[in-house]
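One structure below.
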Amino acid sequence: MAVDRSYVTQNDAQRERLEKFVARCSDAELRRSTPGGWTVAGILAHLAFWDERARILFERWQTDGVAPAAEDGASVDWINDAAKPMFLALPPRQAAELAVSIARAADRTVEALSDEMLARNAAAGRPLNVVRAEHRREHLDEIER
């Protein structure tokens, strides 16, 4: 049975959107406040964190053979709240460039997953989302509004 890899195209499209957004943003635009006490750069650092988490957990799963625990909404909220001060402390340009470089690395990792690994992720209830594009789209749409 063929594995659906349409996520690769979606990830590429949203990563390219992210790259273009970062390239055209001034440092002042990256410092712009957004709802909830965030900044544009802080949101980009947030994207980088969650992409890096997925990349690292997939790599460990492949190495150790142990599936990561599924996220629950409450954990996601406190993790975001705990990380927010550190995200906001990053120099804006550095946060933006980190979002791009980590998105590239995350996309390479999920694109290279074997059919077996994708099936294991599905069987485990998809504790890791290979469609990195969804999160990027959500926040890029938010920022651009």
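Every number here is computed from the coordinates shown, using simple stated rules; none is lab data. Since we're looking at a predicted model, the values are computed, not measured. Here the Cβ positions follow ideal geometry from the backbone for every residue, glycine too, while neighbour counts run over all protein chains shown.
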Most to least packed among 138-144, 33-39, 75-81, 87-93 [average Cβ atoms within 10 Å]: 87-93, 138-144, 33-39, 75-81
Run the simple label-point estimate for residue 27 and residue 105 please: 7 Å along Cα→C-beta, distance reported in nm. 2.4
Note, segment 87-92: 3J(HN,Hα) by Karplus (6.51, -1.76, 1.60, θ = phi - 60°), whole Hz, Gly/Pro = x, goes 4, 6, 7, 5, x, x
First measure r as the distance between the Cβ atoms of residue 119 and residue 12, then evaluate 1/(1 + (r/R0)^6) with R0 = 22 Å and state the FRET efficiency to the nearest 0.05. 0.45
DSSP loop GluC sites (Glu not before Pro) in segment 1-107 with at most 14 other Cβ atoms within 10 Å of their Cβ, which ones? 71
Relative contact order, percent, of the chain when contacts are C-alpha pairs under 8 Å separated by at least 6 residues? 43
Distant-in-sequence amide H partners of residue 39 (H built 1.01 Å from N, under 5 Å): 34
Calculated FRET efficiency, residue 4 and residue 60, Cβ-Cβ r, R0 22 Å, to nearest 0.05? 0.40
Going residue by residue through segment 44-52, the Karplus relation 6.51 cos²θ - 1.76 cosθ + 1.60 with θ = phi - 60° gives ³J(HN,Hα) values, rounded to whole Hz and with x marking Gly or Pro, of 5, 5, 4, 4, 4, 4, 6, 5, 5
Just report the Cα centroid separation between segment 1-71 and segment 116-130, whole Å. 18
Just want the ordering: 118, 113, 44, from fewest to most Cβ atoms lying within 10 Å of their own Cβ. 118, 113, 44
